[in-house]
Every structure is written in C-alpha cells, then in structure tokens.
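The values are calculated or read from the model by the stated rules, or taken from the named source; none is laboratory data. Please read these numbers as outputs of a predicted model, since none were measured by experiment. Every residue, glycine as well, gets a Cβ built from its backbone with ideal geometry; the counts of neighbours run over all protein chains shown. The protein model used for the area step is the full one, side chains on, heavy atoms only, and it has no ligands, DNA or RNA in it. Shrake-Rupley method; radii C 1.70, N 1.55, O 1.52, S 1.80 Å.
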Amino acid sequence: QSLAQDADGRLWIGTANGLVRFDGHQFASYPARLEQANALASPSVEALASDSLGRIWVATQGGQLARWRAQSNDFARIDLRKVASSEQLEVWALAAHGQRIWAGTYGAGLLELDLSGALLHQHQLPDSLGGPHVIDLLATPDGVLWVISLERRLLRFEPSSGRFSGIRGASGEAELVA
C-alpha cells in the first residue's frame with residue numbers, strides 16, 4: 001500500500017498485513033502488537049513517510065501514527081485520536097517537509113505535526129473545496145502541499161498562510177477524472 005526510504009537507504013514496505021523493512025539483503029518484519037506501547041497498533045499500514053532526519057513515520061488503521069526509533073528498533077506510538085478534534089479519524093496520507101509532518105485524514109482534515117509528533121495545528125478543508133477528507137498529499141521542495149480530497153478535488157495548501165485553494169482545469173472542471 002505504501003513505500004518509503006529512510007536515511008540509510010532501507011526500503012520500508014507497508015501493506016494491509018504489516019510493515020516490512022528491506023536493507024538490500026534481508027527482510028525484517030514489524031508485527032502489530034496493540035498491547036505493547038513500542039510496537040505498531042494495527043497491522044494495516046495506510047501510509048509511510050521519511051522526515052528530514054531520515055526517520056520513518058507509519059500511519060496505521062484506527063488513527064494511529066508511529067515513528068521508528070533506530071536505536072531501539074521499535075516505535076514511538078502517537079494516538080492522533082487523542083489530540084485531533086474529530087469523531088472519525090483515519091490517517092490516509094503522510095508527507096514530510098522541513099520540521100513538519102503532515103497527515104491527511106479521513107474526518108479531521110490536514111494535521112500539522114512537529115518532528116516529535118505533537119499536533120501544531122488542525123487545518124480544516126473548506127466544504128466548498130471538498131470537505132474534511134484527504135486521501136493523498138505531496139510536499140514540494142518549497143513547502144507547498146498538494147492535496148487530493150475524497151471528493152476528487154486537487155487543492156494547493158500554503159503552510160505560511162494556512163490557506164487552501166482549489167485548482168481548476170483548462171475547461172473549468174474542479175474534479176479529477178480518472
């Protein structure tokens with residue numbers, strides 16, 4: 001479902017059945033263990049991202065986020081449901097730029113986190129631009145975020161102003177057709 005590469009060149013593979021790391025020679029799996037605070041909370045990996053320090057962030061089913069800790073080869077778990085205001089919360093997309101992690105969610109819009117995982121801001125997509133559901137994100141080198149909403153709208157988000165703008169095609173359509 002998702003791929004990412006860490007600072008040491010290892011490939012991380014997220015699937016509906018778990019997380020696997022490939023170092024070029026061998027595979028290592030990371031099973032979910034809800035009862036262990038330093039393991040993934042769910043086997044279903046929804047999204048992966050590598051931050052500016054080369055660390056891997058993992059979004060799993062149920063609104064859970066985890067950051068891999070290389071020294072201990074385990075995870076620091078962050079329960080986004082406790083910090084974001086939303087009755088429903090699933091993280092469907094992750095992106096990283098500079099000192100920020102961005103989480104595109106079902107139900108809670110776009111979450112802005114620092115590199116420790118602390119919520120800095122919850123950005124709500126205006127209903128006129130597609131509502132509260134983000135299905136994919138892309139951070140550009142200059143820090144702008146491209147967002148695709150569940151309603152198939154392409155949006156541009158400017159972190160410096162906190163504003164979303166809708167993108168229309170040459171013929172004026174606001175939806176992505178695919």
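Numbers below:
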quantity: Qualifying position, being aliphatic (A, V, I, L, M) and modelled with pLDDT under 90, among 137, 125; calculated: 125
quantity: In region 81-91, residue modelled with the highest pLDDT [restricted to those that are in a loop (DSSP other than H, G, I, E, B) and surrounded by 13 or more Cβ atoms within 10 Å (Cβ to Cβ)]; calculated: 89
quantity: Contacts under 6 angstrom Cβ, first residue in region 1-14 being farther than 16 Å from residue 135 by Cα and among the charged types (D, E, K, R), partner open to solvent by less than 20 Å² (accessible area, probe 1.4 Å) and outside any loop (DSSP other than H, G, I, E, B), 6 or more apart; calculated: 6/56
quantity: Those strands (runs of 3 or more DSSP E) lying entirely in region 19-66 with at least 2 residues touching a residue at least 40 places away in the same chain (Cβ under 8 Å) and surrounded by 22 or more Cβ atoms within 10 Å (Cβ to Cβ); calculated: 45-50, 56-60
quantity: Members of region 95-106 that are open to solvent by 20 Å² or more (accessible area, probe 1.4 Å) and within 15 Å of residue 64 (Cα to Cα); calculated: 106
quantity: Residue within region 86-96 that is of a type in the set (Ser, Thr, Tyr) and under 19 Å from residue 147 (Cβ atoms) present; calculated: yes
quantity: Subset tally (residues that are open to solvent by less than 50 Å² (accessible area, probe 1.4 Å), farther than 17 Å from residue 80 by Cβ and among the small types (Gly, Ala, Ser)) for region 109-156; calculated: 5
quantity: Selection status of residue 7, open to solvent by less than 80 Å² (accessible area, probe 1.4 Å), assigned to a loop (DSSP other than H, G, I, E, B) and closer than 24 Å to residue 53 by Cβ; calculated: yes
quantity: Any hit, region 67-80, residues being buried (at least 19 other Cβ atoms within 10 Å of the Cβ), part of a loop (DSSP other than H, G, I, E, B) and either in contact (Cβ under 8 Å) with a residue 40 or more places away in the chain or of a type outside the set (A, V, I, L, M) (or both); calculated: no
quantity: Long-range neighbours under 8 Å by Cβ, at least six apart or interchain, first residue in contact (Cβ under 8 Å) with a residue 24 or more places away in the chain and at positive phi within region 138-165, second part of a strand (DSSP E or B) and open to solvent by 70 Å² or more (accessible area, probe 1.4 Å); calculated: 152/175; 162/121
